[in-house]
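Here's the structure we're looking at; comments come further down.
The values are calculated or read from the model by the stated rules, or taken from the named source; none is laboratory data. As the structure is a computational prediction, the values presented were derived from the model and not from experiment. With ideal geometry, Cβ positions are generated from the backbone for all residues, glycine too; neighbour counts draw on all protein chains shown.
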Amino acid sequence: MNKLMPGDEIKAAIVQISDDTIFLDLNSKSEGVLNAAELKDEDGNLSVKEGDIIKAYFLDDKNGEMRFTTKIASNNADKTMIENAYKNGIPVEGKVEKEIKGGYEVKIGNIRAFCPFSQMGGKRKEENETFEGRVLTFKITEYKNDGKNVLVSNRAVLEAERLSKLDALKSKLTVGMTVRGTVLSLQPFGAFVDVQGFQALLPVSEISRSRVNNPADVLTVGEEITASIIKTDWEHEKVTLSMKALLADPWDSVAERYKPEQKVSGSIARIADFGIFVNLEDGIDGLVHISTIEKAKANTNLRKLFRVGNTFDAQIVSVDAENHRIALAPASSVKQDDDSEEYLKNQDDSGETYNPFAALLKKK
């Protein structure tokens with residue numbers, strides 16, 4: 001390995017992790033060391049493991065130990081290191097000293113920098129909350145007059161982290177895979193779901209095989225769901241999910257359950273200008289075309305004759321499983337058919353008309 005200068009960037013594999021030190025493979029006789037605290041989250045958990053490749057910046061060589069950092073800490077930053085950080089795009093830690101006109105004064109080592117309001121990327125928990133006193137990570141965007149004029153951006157660091165996570169997710173979240181996620185919010189058009197830190201969309205049409213009018217009827221915020229990834233558009237940072245894709249398609253065996261001339265009964269799922277859709281079971285709707293409805297003409301408003309949710313008795317005209325279509329026609333109910341059959345069965349030779357009430361009394 002060529003001799004490293006302070007601020008030089010490397011990519012190296014983690015070969016060992018101890019309690020407070022991460023050892024890096026430098027492809028040489030020596031190893032690099034990195035403070036493990038830099039790669040721990042707020043709960044003290046490490047975000048990396050042995051074998052991971054990370055990006056780090058060379059600090060110095062002390063007693064043959066080559067020290068690296070993922071960012072330059074405020075307490076060990078001198079003017080040379082800060083200028084080096086600017087030239088090499090190394091993140092630096094800075095303490096937000098106070099709010100001034102147009103932004104914040106930030107102290108990095110012995111240098112005072114300025115961060116405009118627009119470049120402070122963190123969200124405030126409350127409107128009156130201030131960033132003052134917080135130690136944040138910044139990118140130096142301007143370094144002039146020997147460090148007397150320094151501009152920094154916290155937003156640039158957060159954006160770089162976001163893009164890095166997004167790039168890692170591209171290889172993890174692929175079309176066809178099954179994922180677990182948590183419902184973040186519900187909208188009329190679907191639900192937003194957190195999948196490994198990424199906000200994916202579950203369209204209302206992909207929630208169930210049955211028709212769902214309002215996602216809130218079947219999902220709740222905070223609920224964990226299992227879904228399949230059916231589409232990714234990383235250019236526009238979009239991932240589309242489907243719970244429906246994991247459910248058996250009832251159309252695969254529909255021809256076994258429904259035959260032409262069979263009497264069926266279902267509820268009216270929706271009404272269109274050209275006919276009525278009748279729900280026979282979850283995910284299976286049949287169409288009663290307006291031309292088969294006795295009281296209707298081509299210009300009849302079917303919504304005045306029928307109501308969604310009402311029971312509808314029909315006879316199957318045809319079944320087209322491949323194109324997911326069942327044609328229906330209005331028919332007498334099964335009960336009416338049973339009554340008719342009973343009527344014919346109970347007529348006597350005298351021609352006396354069947355009286356269902358009389359028949360009931362005879363049974364008693």
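Values for this structure:
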item: Some residue of the stretch 231-239 being closer than 30 Å to residue 167 by Cα, out of contact with any helix residue (DSSP H, G or I) (no Cβ under 6 Å at 6 or more places or on another chain) and assigned to a helix (DSSP H, G or I); result: yes
item: Filtered residues of the stretch 148-169 (kept if surrounded by fewer than 13 Cβ atoms within 10 Å (Cβ to Cβ) and in contact with a helix residue (DSSP H, G or I) (Cβ under 7 Å, 6 or more places away or on another chain)); result: none
item: The stretch 195-223 - residue that is out of contact with any Gly (no Cβ under 7 Å at 6 or more places or on another chain) and assigned to a strand (DSSP E or B) and, of those, surrounded by the fewest Cβ atoms within 10 Å (Cβ to Cβ); result: 199
item: Residue ranges of strands (runs of 3 or more DSSP E) in the stretch 240-332 with at least 3 members within 36 Å of the chain's Cα centre (by Cα) and surrounded by 14 or more Cβ atoms within 10 Å (Cβ to Cβ); result: 263-272, 275-281, 284-289
item: Positions within the stretch 15-34 being farther than 17 Å from residue 59 by Cβ and in contact with an Asp or Glu (Cβ under 9 Å, 6 or more places away or on another chain), in sequence order; result: 15, 16, 17, 25
item: So residue 205, is it within 30 Å of residue 332 (Cα to Cα) and small (Gly, Ala, Ser); result: no
item: Output for the stretch 97-120, where each listed residue is surrounded by fewer than 21 Cβ atoms within 10 Å (Cβ to Cβ) and in a strand (DSSP E or B); result: 97, 98, 99, 100, 103, 105, 107, 112, 114, 116
item: Residue list for the stretch 143-193, filter: assigned to a loop (DSSP other than H, G, I, E, B) and in contact with a strand residue (DSSP E or B) (Cβ under 7 Å, 6 or more places away or on another chain); result: 173, 174, 175, 176, 177, 189
item: The one condition in (1) assigned to a loop (DSSP other than H, G, I, E, B); (2) modelled with pLDDT of 95 or more that residue 350 fails to fulfil; result: (2)
